[in-house]
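The values are calculated or read from the model by the stated rules, or taken from the named source; none is laboratory data. Here the structure is a predicted model, which means the values were calculated and not measured. Here Cβ is always computed from backbone atoms with ideal geometry, including for glycine, and neighbour counts include all displayed protein chains.
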Amino acid sequence: MTQTKWIDISQPLTNDMAHFPGDTPFDYALTYTKEQTGSVNVGQITGSVHTGTHIDAPFHYDAGGRTVDQLDIDLYIGKAVVLDVSQTDRITAETLQPFDLNGISRVLLRTSLPNNPKRFPNQMPELDPSLAQFLHEHDVQLLGVDMPSVDPPESKDLAAHHALYDKDIFILENLMLDHVSPGRYELVALPLAINGADGSPVRAVLRPIDK
């Protein structure tokens, strides 16, 4: 029996990809070429830990919060549901009321924002902080979005970040979900074990769960 293939939902890391305004852009370059070393090519990367598809650790928005290396990796592996909320630009608890979240602790939102890794959006759908209480009541531990952030880029109070944090809900951002059908999946989106980091790029993948 052929096993269902994994679906990549992560942004490719490229030198022309968009980055958060004012943050460090991603760059990959060869430090040494095979011709120089006589044996191998050796590359280096620079860029923000919030480049492309990434997780936010609590330390990102709370100076006393846990860093990436202190997080439970089980958060980022397991059953997830992809919900299509593209019919609205303001996503509230009421938006999610019709969906069945029974037995699901990871929710991924496919919003109205088109997937375009090379363009930082001027406007994004709004996540109302009321989502946090609703998700908490349904035992959700991870919220993933196909946007650069769960808060507007200009936000200083980061209301959605903190509302989710207060309910022990962790954050996964910049997913690529335009090619993914709504439904239930296995998710793997492991952060790198970067000591003391406030975030980490991930390679996020989904595999459909047979009904």
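Quick one: in segment 115-163, which of the residues that are among the small types (Gly, Ala, Ser) and part of a loop (DSSP other than H, G, I, E, B) is nearest to ASP72 (Cα to Cα)?
Here is the first cut: in segment 115-163, the ones among the small types (Gly, Ala, Ser) are 130, 132, 144, 149, 155, 159-160, 163.
From what is left, the residues that are part of a loop (DSSP other than H, G, I, E, B) are 149, 155.
Numbers: SER149: 21, SER155: 28 Å.
My answer is SER149.
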TODO: Would you be able to say whether some residue in segment 61-71 is touching a Ser or Thr at 6+ places or on another chain (Cβ under 8 Å) and either among the aliphatic types (A, V, I, L, M) or within 22 Å of LEU127 (Cα to Cα) (or both)?
DONE: yes
- [ ] Among the residues of segment 164-185, write down those that are in a loop (DSSP other than H, G, I, E, B) and over 16 Å from ALA132 (Cα atoms).
- [x] ASN174, LEU175, MET176, LEU177, ASP178, HIS179, VAL180, SER181, PRO182
TODO: Select, from ASP166, ASP198, the only residue that is farther than 20 Å from HIS54 by Cβ, out of contact with any strand residue (DSSP E or B) (no Cβ under 7 Å at 6 or more places or on another chain) and modelled with pLDDT of 95 or more.
DONE: ASP166
TODO: Go through segment 25-61 and give me each residue that's under 16 Å from SER149 (Cβ atoms) and part of a loop (DSSP other than H, G, I, E, B).
DONE: SER48, VAL49, HIS50, THR51, GLY52, THR53, ALA57, TYR61
- [ ] With the condition kept exactly as written, say whether any residue in segment 5-14 is more than 28 Å from HIS162 (Cα to Cα), part of a strand (DSSP E or B), of a type outside the set (A, V, I, L, M) and touching a Gly at 6+ places or on another chain (Cβ under 8 Å).
- [x] no
- [ ] For segment 68-82, indicate whether the set of residues that are of a type in the set (Lys, Arg) and within 26 Å of ASP210 (Cβ to Cβ) is non-empty.
- [x] yes
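Considering each residue of segment 62-109, count those that are part of a strand (DSSP E or B), out of contact with any Phe, Trp or Tyr (no Cβ under 6 Å at 6 or more places or on another chain) and buried (at least 20 other Cβ atoms within 10 Å of the Cβ), and give that number.
Step one: list which residues in segment 62-109 are part of a strand (DSSP E or B), which gives 77-84, 90-91, 106-109.
This time we only want the ones that are out of contact with any Phe, Trp or Tyr (no Cβ under 6 Å at 6 or more places or on another chain), so: 77-79, 81-82, 84, 90-91, 106-109.
Now narrow it down to the ones that are buried (at least 20 other Cβ atoms within 10 Å of the Cβ): 81-82, 91, 106-109.
Counting residues in segment 62-109 that are part of a strand (DSSP E or B), out of contact with any Phe, Trp or Tyr (no Cβ under 6 Å at 6 or more places or on another chain) and buried (at least 20 other Cβ atoms within 10 Å of the Cβ) gives 7.
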Task: Which numbered condition ILE169 misses (of (1) within 17 Å of PRO58 (Cα to Cα); (2) β-branched (Val, Ile, Thr); (3) touching a residue at least 40 places away in the same chain (Cβ under 8 Å)) - done: (3)
Task: Subset of segment 21-37 (residues that are surrounded by 11 or more Cβ atoms within 10 Å (Cβ to Cβ), touching a residue at least 12 places away in the same chain (Cβ under 8 Å) and either more than 30 Å from SER155 (Cβ to Cβ) or in contact with a Leu (Cβ under 9 Å, 6 or more places away or on another chain) (or both)) - done: PHE26, TYR28, LEU30
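Condition check: of a type in the set (D, E, K, R), out of contact with any Leu (no Cβ under 9 Å at 6 or more places or on another chain), under 26 Å from ASP198 (Cα atoms) and in contact (Cβ under 8 Å) with a residue 60 or more places away in the chain. Does ARG66 satisfy that? Full working, then the answer.
Numbers: of a type in the set (D, E, K, R): yes; out of contact with any Leu (no Cβ under 9 Å at 6 or more places or on another chain): yes; under 26 Å from ASP198 (Cα atoms): yes; in contact (Cβ under 8 Å) with a residue 60 or more places away in the chain: no.
Spelling it out, it is not the case that ARG66 is of a type in the set (D, E, K, R), out of contact with any Leu (no Cβ under 9 Å at 6 or more places or on another chain), under 26 Å from ASP198 (Cα atoms) and in contact (Cβ under 8 Å) with a residue 60 or more places away in the chain.
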Task: Check on THR95, over 14 Å from the mean Cα position of the chain (by Cα), over 16 Å from PHE134 (Cβ atoms) and free of Cβ contacts under 8 Å to residues at least 40 places away in the same chain - done: no
- [ ] Return the total of residues in segment 5-50 being within 20 Å of LEU187 (Cα to Cα) and modelled with pLDDT under 95.
- [x] 1
